[in-house]
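> Sharing a structure below in structure tokens format, with a few things to ask.
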Amino acid sequence: MDNSRALDRFLESQERRAYKMAFYATGDREEALEIVQDAMFKLVEKYAHKSEADWGPLFTRIVQNRIKNSYRKRAMTQRWQQWFGANSEDKGDAEIRLPADTHSDPLRESHDSKFVTALEGALKALPTRQQQVFLLRAVQGMDVKQSAFAMSCSEGSIKTHYSRAIHKLKDQLGIFNL
Amino acid sequence: MTTERDKAEEQIVEAAQQHWQKDEQELDADTLRALRGIRHSAIEKFKRKSAWTTWLPVSGAALATALVVAVVWWPQQADIAPDIQIADLDILAVDTDLELLEELDFYLWLEEIRDESSAG
């Protein structure tokens, strides 16, 4: 049965979100696009025959796995660099962070805009798992069970990561008198 | 205190949702084009795979049919072989007639000689 149209519609509905998730995690446009490509190819190759209702959770899970793989590679590279003296900073896999986006847009001068800029920077600075759990739960509206499936971890881990993420965001954004 | 913290969480979540939606809608043209290209490649891959998986059973069925026909038809051909051998025996049996045909000119000349002798 040719369900290519349904598949195309589904992927179109997911592509921007998947890219943003990957971009927040990697901070690199090309790497984010590569993650989306891998995820789309894997979905059509392995799971196209599944019901349309299953595509969403499966696609999110594939994207998350790709993000995880990307971070493993990056962590490995960083360790090699450290061993060869190129980088003396070692935060460990769980604590790998992207630099906070401190680039300020001249148009964002209002209090709200500053808050949003600070929030974006704080989100990008979160450890990957906390960041992704926060995005899945808070931004995409997934419940604990759905998030656990997407992240391939226990529901308890999801609760822990989310709680830590919220605490860090509150601490970092406390200056805005939340 | 708990209420304040919950309110703070709500503010963060709400701001993150709004920012996320805005960001999604305002992706740059190059990125959107790249995403569209990736999606089209994925769909093409799916179509190729679908076509292959559709024709595979058909080809398999055709091959199986051909094999069945071959298996059924071959022994019949083997049964025909003795008849051909018998026909060959018939040809061998008329081997002398063939010799007559090969020497026909001689026999015709011999006949003419005989006729002339009897007439003369």
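Each reported figure results from applying straightforward, stated rules to the coordinates on display, with no laboratory input. This is a predicted model, so every value here is computed, not measured. So basically every Cβ, Gly included, is an ideal-geometry build from the backbone, and we count neighbours across all protein chains shown.
> Step by step: first the residues of the range A:131-161, then only those that are assigned to a helix (DSSP H, G or I) and facing another protein chain (nearest Cβ under 10 Å), then the one that is surrounded by the most Cβ atoms within 10 Å (Cβ to Cβ). Which residue is that? Spell out how you get there, then give the answer.
Our first condition is that a residue be assigned to a helix (DSSP H, G or I); within the range A:131-161, this holds for A:131-139, A:144-151, A:155-161.
Narrowing further to those that are facing another protein chain (nearest Cβ under 10 Å): A:134-135, A:137-139.
Values: A:PHE134: 25, A:LEU135: 22, A:ARG137: 21, A:ALA138: 23, A:VAL139: 21.
Going through the qualifying residues, I end up with A:PHE134.
> Can you tell me which residue is surrounded by the most Cβ atoms within 10 Å (Cβ to Cβ) among those in the range A:35-58 that are among the acidic types (Asp, Glu) and touching a residue at least 12 places away in the same chain (Cβ under 8 Å)? So that I can check it myself, show each step before the final result.
Within the range A:35-58, the first condition is being among the acidic types (Asp, Glu), and the residues that meet it are A:38, A:45, A:52, A:54.
Checking which are touching a residue at least 12 places away in the same chain (Cβ under 8 Å) leaves us with A:38, A:52.
Working: A:ASP38: 18, A:GLU52: 11.
Filtering first and then ranking leaves A:ASP38.
> Give the residues of the range A:35-59 that are facing another protein chain (nearest Cβ under 9 Å) and acidic (Asp, Glu), sorted by residue number.
A:GLU45
> Turning to a different aspect of this structure: If a residue has to be farther than 24 Å from A:LEU135 by Cβ and either part of a helix (DSSP H, G or I) or under 18 Å from the mean Cα position of the chain (by Cα) (or both) to count, how many in the range A:47-61 make the cut?
0
> For the range A:1-22, which residues satisfy the criterion of being within 14 Å of A:SER70 (Cβ to Cβ) and either surrounded by fewer than 13 Cβ atoms within 10 Å (Cβ to Cβ) or at the interface with chain B (Cβ under 9 Å from one of its Cβ atoms) (or both)?
Within the range A:1-22, the subset within 14 Å of A:SER70 (Cβ to Cβ) is A:18-19, A:21-22.
Of everything in the range A:1-22, those that are within 14 Å of A:SER70 (Cβ to Cβ) and either surrounded by fewer than 13 Cβ atoms within 10 Å (Cβ to Cβ) or at the interface with chain B (Cβ under 9 Å from one of its Cβ atoms) (or both) turn out to be A:ALA18, A:TYR19.
> Could we say that A:LYS68 is out of contact with any Cys (no Cβ under 7 Å at 6 or more places or on another chain), part of a helix (DSSP H, G or I) and surrounded by fewer than 23 Cβ atoms within 10 Å (Cβ to Cβ) here?
Working: out of contact with any Cys (no Cβ under 7 Å at 6 or more places or on another chain): yes; part of a helix (DSSP H, G or I): yes; surrounded by fewer than 23 Cβ atoms within 10 Å (Cβ to Cβ): yes.
The answer is yes for A:LYS68.
> When you scan the range B:22-65, how many residues do you find that are facing another protein chain (nearest Cβ under 10 Å), closer than 21 Å to A:ILE35 by Cβ and in a helix (DSSP H, G or I)?
Adding up the residues that qualify gives 19.
> Hey, another quick one. Among the residues of the range A:27-46, which ones are closer than 29 Å to A:GLU120 by Cα and either part of a helix (DSSP H, G or I) or among the β-branched types (Val, Ile, Thr) (or both)? I'd like the intermediate steps shown before the answer.
Here is the first cut: in the range A:27-46, the residues closer than 29 Å to A:GLU120 by Cα are A:27-40.
If the condition is that a residue be closer than 29 Å to A:GLU120 by Cα and either part of a helix (DSSP H, G or I) or among the β-branched types (Val, Ile, Thr) (or both), then A:ARG29, A:GLU30, A:GLU31, A:ALA32, A:LEU33, A:GLU34, A:ILE35, A:VAL36, A:GLN37, A:ASP38, A:ALA39, A:MET40 are the ones that fit.
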